[in-house]
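The values are calculated or read from the model by the stated rules, or taken from the named source; none is laboratory data. All values derive from a computational prediction rather than experimental measurement. With ideal geometry, Cβ positions are generated from the backbone for all residues, glycine too; neighbour counts draw on all protein chains shown. Calculation scope for accessible area: heavy atoms of the full protein, side chains included, ligands and nucleic acids excluded. Shrake-Rupley method; radii C 1.70, N 1.55, O 1.52, S 1.80 Å.
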Amino acid sequence: MDPQVDEFFADVRGWRDEAQQLRAIMLDCGLDEALKWNKPCYGYEGRNIAIIQHMNDFVALMFFRGALLNDPEGLLEPPGANSRSARRACFTSVEQVRAMDAKLRDFVHEAIAANKAGLELPEFELVLVDELQEALDADPELAAAFEGLTPGRQREYNLHISGAKQSKTRIARVEKFIPAILDGKGMRD
């Protein structure tokens, strides 16, 4: 048990009992515990496995590479519409956590096995929104800078730009971010 996580649980307000139950399961599975991103995070041999997330309406146990887990019952859900790899189970009572205890342990052991086997998520093919692709095609320097960004930053730009309903708004968004892209920065850097 990590003392920083102990402090976290001493200060946490909502969903304390549910999160403590999740913590006990993670520790009982032999995972290492650390406070990362100001949340209790559990890993194995240096690889993150799961994290406890406190939300307003529930507490969640999110598996970082949950898309690799066998979940025919659909117990795990993506945390957002554009989530590729993370999957989480949400809880609003200790009884719900206890009811899923065995399955959560299975998920943990499966996640450890996937890490040991070196399993990777399938490659994601990023299809750029037309306005961004046109800007990249017109400017080789911009295209090279965009290619130099991490896949996550490329995806974030594409999602933000494609989220606009009108083409003129998508074009304005591309133009707004050209300086940041040329500087090798993401949207939030």
### Query
In terms of Cα to Cα distance under 12 Å, which aspartates and glutamates are near enough to Lys116, apart from those fewer than 8 places away along the same chain?
Glu45
### Query
What residues from region 96-125 fall in the zone where the backbone N is under 17 Å from a label point 7 Å along the Cα-to-C-beta line of Ala67?
111, 114-115, 118-125
### Message
Testing the spin-label approximation: label points 7 Å from Cα along Cα→Cβ at Leu75 and Asp183. State their distance in nm.
### Response
4.6 nm
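Roll a 1.4 Å probe over the protein chains and send me the accessible area per residue for the chain in Å². Mind showing how you got there, number by number?
Details: 10790 Å² over 189 residues.
For the chain, the solvent-accessible area averages 57 Å² per residue.
Averaging the inverse of every distinct alpha carbon separation and then flipping it gives the Kirkwood radius. What is it for region 96-189, in angstrom units? Write out the running numbers ahead of the final one.
Values: mean 1/r = 0.0632 Å⁻¹.
Kirkwood hydrodynamic radius for region 96-189: 15.8 Å.
Send over the per residue convex hull volume for the chain, Cα only, as a whole number of Å³. Working shown, then result.
Details: hull volume 28.8 nm³, N = 189.
Convex hull volume per residue, Cα atoms: 152 Å³.
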#### Entry: Given charges at Cβ of Lys, Arg, Asp, Glu: region 24-179 dipole, positive-most of Phe91, Leu104, Gly80
Phe91
### Summary
A chain fully extended from Ala164 to Asn82 at 0.36 nm per residue, minus the present Cα-Cα distance, gains in nm 28.0 nm
### Query
Going highest first, how would you order 122-130, 143-151 by mean Cβ packing within 10 Å?
143-151, 122-130
#### Entry: Within the accessible area of the chain (1.4 Å probe), percent carbon and sulfur
47 percent
